[in-house]
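The values are calculated or read from the model by the stated rules, or taken from the named source; none is laboratory data. This is a predicted model, so every value here is computed, not measured. No Cβ is skipped: glycine too gets one built from the backbone with ideal geometry, and neighbour counts run over all protein chains shown. Only protein heavy atoms, including side chains, enter the accessible area calculation; ligands, DNA and RNA are left aside. Shrake-Rupley method; radii C 1.70, N 1.55, O 1.52, S 1.80 Å.
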Amino acid sequence: MEFNEKLQELRRQKNLTQEDLAQALYVSRTAISKWESGRGYPNIDSLKAIAKEEVLLMDILELKDVCRRVRRNIITMTNKAGAGHPGGSLSLCEILSVLYFQEMNVDPANPKMADRDRMVLCKGHAAPILYRVLAEKGFFPVEDLKTFRHIDSYLQGHPDMKGTPGVDMST
């Protein structure tokens, strides 16, 4: 399969527009159009990004979707609770998404696994981002986020390692 055909197939399989693909690869839509038509080829940096694996491209797009959902929920959580620090949480969205969905060795089915990677959220007031990412990863139901900062909730203003699945350090 030729490069241009492979790129077209990738877009079809993932239901991406040329704009989506261009944004993920940090190139113009015109470049994608030329590559798909066979009239041009990517420069070495773009080719390296594509060649790393098709999975990398999907990882980027999937992480963008995760971040979109996470951000939306952080605003909802803090607004509904009438308290919290959304700015501190929003600033950590990409970092925690990459850590939990690509880098860290964690298992929601076994949150106390001995050889797991551990996360210490130094700024405890950014708990909404940690809770949202943990819920997205499957440590507890997303519906529980509605109880953020409620009196009897395990999702309080600062993470508590004794009561919240996936939290490794109280801060």
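Give the Rg (one decimal place) followed by the Dmax (whole number) of region 81-171, computed from C-alpha coordinates and expressed in Å.
12.1, 38
What order do you get for 69-80, 109-120, 13-24, 127-138 when each peptide is scored by the mean count of other beta carbon atoms within 10 Å, highest first?
Numbers: 69-80: 18.0, 109-120: 11.1, 13-24: 15.3, 127-138: 23.9.
Sorting 69-80, 109-120, 13-24, 127-138 by mean packing, highest first, produces 127-138, 69-80, 13-24, 109-120.
Please calculate how many Å² of accessible area region 68-171 carries per residue, with a 1.4 Å probe and no DNA, RNA or ligand atoms counted.
On the way: 5500 Å² over 104 residues.
Here the per-residue accessible area is 53 Å².
For the pair D115/Q8, report the inter-label distance in nm, with labels modelled 7 Å from Cα in the Cβ direction.
4.6 nm
Helix 3-14 versus the longest principal axis of the chain: what is the Cα-based angle in degrees, 0 to 90, to the nearest 10?
30 degrees
Tell me the carbon and sulfur percent of the accessible area for the chain, rounded to whole percent, probe radius 1.4 Å.
Its accessible area is 52 percent carbon and sulfur atoms.
On the principal axes of its Cα set, how long, how wide and how thick is region 1-43? Give whole Å, largest value first.
Its Cα atoms span 21, 20, 13 Å along the three principal axes.
Per residue, what volume in Å³ does the convex hull of the Cα atoms of region 121-171 enclose? Please list the in-between numbers first.
Values: hull volume 3.2 nm³, N = 51.
Spread over its residues, the Cα hull of region 121-171 gives 63 Å³ apiece.
Two-decimal Rg/Rh of the chain from alpha-carbon positions, Kirkwood Rh? Please list the in-between numbers first.
On the way: Rg = 19.5 Å, Rh = 17.9 Å.
Rounded to two decimals, Rg over Rh is 1.09.
Among K14/K146; K6/K137; K14/K34; K64/K137; K123/K162, which pairs are too far apart, with a Cα-Cα distance over 22 Å? Spell out each step's value before the answer.
On the way: K14/K146 32 Å; K6/K137 31 Å; K14/K34 19 Å; K64/K137 15 Å; K123/K162 18 Å.
Cα-Cα > 22 Å for K14/K146; K6/K137; rest within.
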